Structures are given as C-alpha cells and as structure tokens.
Amino acid sequence: MNVATDVMFSAALNADMHCHSTYSDGLLSPAEVVRRAHANGVELLALTDHDEVGGLSEARRTANELGLRFVDGVEISVSWDDDTTVHIVALGINPDDAGLAAGLAQVRSGRDARAMQMAAELDKVGIHGAYEGALRFVGNPALVSRAHFARYIAEQGLARDVKSVFDHWLAKGKPGYVAHSWATLDQALGWIHGAGGVAVLAHPGRFRLSGKELRRLLGEFKDQGGSAIEVLSGAHSAQQVSEFARLAQEFGFAASRASDFHGPGESWIDLGRLPPLPDKLTPVWTLFP
Ligand code: AMP
Ligand code: MN
Ligand code: MN
Ligand code: MN
C-alpha cells in the first residue's frame, strides 16, 4: 500500500459521512453542500438526505469537478420497538436500485398526511397556518420534515432558535409531535443490502434509550447485518463518543464520522470539523473501495 492509499483508509482521513441538502431538510443545495465540504478540507463526503436519493447526482457531479471523493448515501427513518424512531444511514448504495427506490417512496408517502396532522395539533395550541408556513421552507414537496415546521415556528418569533422549537413543540411528548410508522429495521436493512450498501446506525446518542434498550437495538442491528455506528456525530458529547467507541469495539462495528450538517447557523458542527476517530476503531470508509 502506498502512502496516498494508506491515508485514504486511515482514521486521520477528513471524512464526513452524513449531511443534508434541500432534497430533505438541509438549507443548501447538493452542489453548495459539496463546495462547502471541499472548502472545509473534507476528503471523503457522503450526502445522506432523509428517505431521498434525488440530490445524489448533482452532488456527485460537483464532487467530480472538484476532485472530491464522494459516496452515495441516504438516511432512512425507521420505527423500532413500536414507537421509537431511529435513523439508519446507508452508504455506498446504488442510487438507481429499484428495490431501494420503491422502499424510500413508501417511507416518504406518509409524510404529507403527518404534516397536516402536525399542523392541526399545533393549531390547537395557538400556532396557526403551520402547514402552509412549513411548506415555504420545503425544497422537496415529498419531504416535509419537522425541521421545516421548526423554521416556520422560529420565524414567527415563538422561540429563539430552531433547537428550542423542538424542546417546546416538536419533540416526542410535545403538542406538535405526531407518532408515525416509518420503515421497520428489517425492511431498511433489506433495501440497503439489496442496493449494495453498508448500514450505519446514525447518532445513537440521540435516541434517548436506556442502556438496556440501546444494547438490544445494537444487538438486533448487528444480527440483521448492520456494519457500523456513528461514534463521532455532531449530536454527541465527548462522553457519548467514548461510550460509543467502546460499544463499537464490543459489538464488532466499524465506526463513522458524521457531522449531520443541515446548514450554516443551524447545525451542531460544520462539515468536516469533527475530531479524528479514535485510533483503535475501524473507520467505516475501509468497508467500501
Ligand atoms: P422528521 O424526520 O420529520 O421527524 O424530522 C427529523 C429532523 O428534525 C431531524 O433530522 C433534524 O433535522 C430535526 N431535529 C429533530 N430533533 C431536533 C432537535 N432536538 N433539534 C434540532 N433539530 C432537530
Ligand atoms: Mn434532518
Ligand atoms: Mn438523523
Ligand atoms: Mn441526519
């Protein structure tokens, strides 16, 4: 292995394997995301819009122009254990795979009705016009997300930022939260593997599971062919990074480095700005050529 190849496979690679564009709930177009990643020194990038692969061709074209290595990705919404939403990031998929496309279309299909229900619930607590308001922030009509509602509610001056909108209105247990059935874990992993991809459990620190539930999720994910977990995530504290590094080793998962960038001013961390992965872990980017 020569030195250049070696860097490509090392933990020191500036890889960012999780971010969003206007094809889901990001603020920048796919081309703008790729240009920003490149300007920030990212050497390997995956675009992973929610339940949608429509932005990948534009992103790949831009990455090719800039000489930036690019991986096709998608972040799939999953309902686990009845009422817990978890996110699975797929990396290295064939975006044209018919089974994956049909699966994602099915997951997206419930979003509009859910959005109308959310608006009805928000109306009851005095936030009016939220459906139309959220739609003004939507780039892809098939992909109305809570993030678009959050932008509308913040714009109304009802909260100081998008984050506190979630704390007051949109998080589980709050007035605008509407329970929803996404894909099953089994379905999501079937679509990902059918499309030649690798499955990564996204931001496990955000799921608010007990230690016992988390271990059960990791066990089921492993049994069904899951390959990696996000150890470094924009959403993780330093303590969570250590915890998930330990769990990755224990369960035999590769590790991902994932900003989950949605846009300037709205995200925990910018593209490519997380610290390097701890040495002892296998970087997820060694799993695909
Ligand atoms: P949805 O898929 O419609 O349920 O929306 C989920 C999206 O909402 C996530 O991908 C984030 O972009 C955003 N989100 C969820 N929780 C929070 C939070 N606490 N703070 C900021 N954004 C959040
Ligand atoms: Mn999002
Ligand atoms: Mn997510
Ligand atoms: Mn995400």
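Tabulated values for the structure
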| quantity | calculated |
| --- | --- |
| Residues of the stretch 24-41 classified as touching a residue at least 12 places away in the same chain (Cβ under 8 Å) and surrounded by fewer than 23 Cβ atoms within 10 Å (Cβ to Cβ), total | 9 |
| Qualifying residue in the stretch 51-63 (condition: among the small types (Gly, Ala, Ser), modelled with pLDDT of 95 or more and within 21 Å of residue 204 (Cα to Cα)) | no |
| Failed item, numbered, when residue 202 is tested on (1) among the aliphatic types (A, V, I, L, M); (2) open to solvent by less than 20 Å² (accessible area, probe 1.4 Å); (3) in contact with an Asp or Glu (Cβ under 8 Å, 6 or more places away or on another chain); (4) away from ligand 4 (no atom under 16 Å from the Cβ) | (4) |
| Of residues in the stretch 248-265 being surrounded by 19 or more Cβ atoms within 10 Å (Cβ to Cβ) and outside any strand (DSSP E or B), the one nearest to ligand 1 (Cβ to nearest atom) | 262 |
| Only one of 11, 46 that is at pLDDT 95 or above and open to solvent by less than 30 Å² (accessible area, probe 1.4 Å) | 46 |
| Subset of the stretch 77-113 that is in contact with a Gly (Cβ under 8 Å, 6 or more places away or on another chain) and within 16 Å of ligand 2 (Cβ to nearest atom) - its residue that is farthest from residue 13 (Cα to Cα) | 88 |
| Boolean, residue 69 is within 16 Å of ligand 3 (Cβ to nearest atom), open to solvent by 50 Å² or more (accessible area, probe 1.4 Å) and at pLDDT 95 or above | no |
| Helices (runs of 4 or more DSSP H) contained entirely in the stretch 73-177, each with at least 2 residues that are within 13 Å of ligand 1 (Cβ to nearest atom) and surrounded by fewer than 18 Cβ atoms within 10 Å (Cβ to Cβ) | 111-124, 162-165 |
| Some residue of the stretch 30-51 being away from ligand 1 (no atom under 16 Å from the Cβ), under 26 Å from residue 106 (Cβ atoms) and either outside any strand (DSSP E or B) or of a type in the set (Val, Ile, Thr) (or both) | yes |
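Each row is one residue, and each column tells you yes or no for (1) outside any loop (DSSP other than H, G, I, E, B); (2) of a type in the set (S, T, N, Q); (3) surrounded by 18 or more Cβ atoms within 10 Å (Cβ to Cβ).
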| residue | (1), (2), (3) |
| --- | --- |
| 191 | yes, no, yes |
| 216 | yes, no, no |
| 236 | no, no, yes |
| 241 | yes, no, yes |
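The values are calculated or read from the model by the stated rules, or taken from the named source; none is laboratory data. Worth saying up front: this structure is predicted, and the values here are computed from it rather than measured. Glycine also receives a Cβ, built like all others from the backbone with ideal geometry; neighbour counts cover every protein chain displayed. Ligands, DNA and RNA are excluded from the accessible area calculation, which covers all protein heavy atoms including side chains. Shrake-Rupley method; radii C 1.70, N 1.55, O 1.52, S 1.80 Å.
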